[in-house]
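What follows is one structure encoded as C-alpha cells, with my remarks underneath.
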C-alpha cells in the first residue's frame, strides 16, 4: 500500500523543509517537493511537522526491582510510548548475578516478544563479570547487541572499578559501548545512616534528595571517565541530572575524551521541591538520581542548546501509588522511578521548542536521530529518508491538551505532572507505515518488532 503525505514540513537533525513523503508498505520511498506518484491514500498534512518516529533509549519495562515489578510491562509501557510518538524503545535486558548474558536476553525476549506495540531493541545490563562472561560477550555483540549498561550503585547490580575497567576494555575490542549509572554507593549508604542517627527514622521523603547529593553523581562521573580514559574508549553517561556531574563531563572532553550524555525530561522540568509535598506525596517523585535544583535545570537546558548533551530519554520505570507506599515507614524502601514514556516528546516540544530553549531540529536530534546513531539503529530508524522505516510522527504544533492519569496509557495510577497544559502533540503516529496511534489512542496493537543493532 502506498501513502502520500502532502504539504508537510519534514524535520531532520539539520533542517526543516517543506516536502512530500511517499511510503510504500513499511518503507519510505521518496522525500521530495510535489510528488505526483499515484498513492492509495493521500494525507493532507499542510502546516504539520513530520518527525521521524521518536526513539526512547532508556526504559525499564517489566523490571523486577526493590521487591516488586514495574507497573508497566511491554504491553502497557509501549502503548504509552506509541501514544506519545515514540516508535522504538531500547530497553535494559538485565543480567542477574550468576546468569549468563544469553539467559538474560532470553528472559527479556520472553517479556517482550509478541507483547510490544512499538519496535524494540535491547541494551544489556551486566551485573556479573568473570572470564566466561567476557568470552560470551563476543557472541552477544555478533548477535546484534551493541550497547551495555553498568551500575556504580545498587547491591544487586553494582560492579567494582576493576570489573568496569575490564568490561570497557572488552567492549572496546568488540566495538560495543557502555552507558553508566553514575552515583557513589558509599556516599549514599553513609547519608542514609546519617538520617537514622539524626532523625530517628527515614519516614520524611524531604530527606531523600540529601541522601543522593549531586556530589555523589559527580564523583562517580569523574571516576568512570578516568577509567574510560585509561581504557581509551567512549562511554555514555546516562540520566545526567546535575551541574556538578556535567562539569566533570566538560573536563573530560577538554582533555580530548569522547563522552556521550543523556538526560531526561524530569531533570529539565521538575525540581526537588516536589519532595516537600504534604502527606509525603514526594515519594511518587523518588527517582535515582533525584530531582535537582532549578539552577541544575538551567545548566542542562543550556547544554542542550549548545549540543553538549546528545539524547533525551525517559528512564521510564513506573510504579503505582501502592508500590510507592512500600516506603511509607522508610523512604529507602520506596521503589525509585516514575512514568514518563507518553509525555516525553510533548514536554520537550512545549518547554524546549515553544519556549525557544532549543530548535525544532535539535528536538529531532535528541529524540530520534542521535539515539538511532548512538545505538546503531540508523538509518533504519531516526530519519525520514528513502529506504528508512516508515516511522513518521505527524506533529500538530497548535494542539492544546493536558496530562492526566485518567487518559494516559501507562499502568501507573498517577501522572507526575497531573493537569499540566501543553501545546503541541503527536496527532498521528505511523509505525512502519501503519497508523498506530492518533491523538493518544492506540489504533494498531502488538505490531512491535525486535531490532538488532546495525553493524
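Every number in this text was worked out from the coordinates using simple rules, so none of it is lab data. Keep in mind that this is a model prediction, so the values were computed, not measured. We place every Cβ from the backbone using ideal geometry, glycine too, and count neighbours over all the protein chains shown.
Would you calculate a helix-derived [θ] at 222 nm for the chain, using -39,500 (n - 2.57) for each DSSP H run of n ≥ 4 and dividing by the full residue count, to the nearest 500? It would help to have the intermediate numbers written out before the result.
Details: 14 runs with 134 residues, N = 455.
Dividing the helical sum by the residues of the chain leaves -8500 deg cm²/dmol.
Hey, what angle do you get for helix 214-231 against the long axis of the chain, alpha-carbon based, 0 to 90 degrees rounded to 10?
80 degrees
Between region 182-234 and region 6-65, what is the separation of their alpha carbon centroids in Å?
42 Å
At 0.36 nm per residue, and after removing the present C-alpha to C-alpha distance, how many nm does the segment from residue 189 to residue 16 gain when stretched out fully? List each step's numbers first, then the result.
Details: separation 173, 0.36 × 173 = 62.28 nm, distance 4.85 nm.
Once the chain is fully extended between residue 189 and residue 16, it gains 57.4 nm.
Compute the length gained on full extension between residue 273 and residue 174: take 0.36 nm times their separation in residues and subtract their Cα-Cα distance, giving the result in nm to one decimal. Don't skip to the answer; put the middle values down first.
Details: separation 99, 0.36 × 99 = 35.64 nm, distance 4.40 nm.
Answer, rounded to one decimal: 31.2 nm.
So if R0 is 41 Å, what FRET efficiency would residue 215 and residue 399 give, r being the distance between their Cβ atoms, rounded to the nearest 0.05? It would help to have the intermediate numbers written out before the result.
On the way: r = 41 Å, r/R0 = 1.01.
According to the calculation, E is roughly 0.50.
What three numbers, in Å, describe the spread of the alpha carbons of region 51-374 along their principal axes, ordered from the longest?
Extents along the principal axes, in whole Å: 51, 46, 44.
Could you tell me how many degrees, from 0 to 90 and to the nearest 10, lie between the Cα long axis of helix 243-254 and the main elongation axis, the longest principal axis, of the Cα atoms of the chain?
Computed tilt is about 70 degrees.
Cα axis of helix 101-112 to longest principal axis of the chain: angle in degrees, 0 to 90, nearest 10?
50 degrees
In nm, what is the difference between 0.36 nm times the number of residues separating residue 449 and residue 325 and their Cα-Cα distance? Present the calculation step by step, with values, prior to reporting the outcome.
Values: separation 124, 0.36 × 124 = 44.64 nm, distance 3.51 nm.
Full extension of this stretch gives 41.1 nm more.
Which whole-number percent is the relative contact order of the chain (Cα, under 8 Å, 6+ apart)?
Values: 1090 pairs, mean separation 100.8, N = 455.
So the answer I get is 22 percent.
For the chain, give me the percentage of DSSP beta bridges that are antiparallel, rounded to the nearest 5 percent.
Working: 33 of 68 bridges.
Just about 50 percent of them are antiparallel.
Just need the relative contact order of region 176-254 here, percent rounded to a whole number, with Cα pairs under 8 Å and 6+ apart. Display every interim value, and only then the final one.
Numbers: 80 pairs, mean separation 33.1, N = 79.
It comes to 42 percent, rounded to a whole number.
Compute the distance in nm between two label points, each set 7 Å from the Cα along the Cα-to-Cβ direction, one at residue 130 and one at residue 359.
5.3 nm
Going 7 Å from the Cα of residue 34 in the Cα-to-Cβ direction, what parts of region 372-414 have a backbone nitrogen less than 11 Å from that spot?
It comes to no residues whatsoever.
For the residues 24, 427, 254, what sequence is obtained by ranking on other C-beta atoms within 10 Å, fewest first? Write out the running numbers ahead of the final one.
Numbers: 24 16, 427 20, 254 8.
Least crowded to most crowded, the residues run 254, 24, 427.
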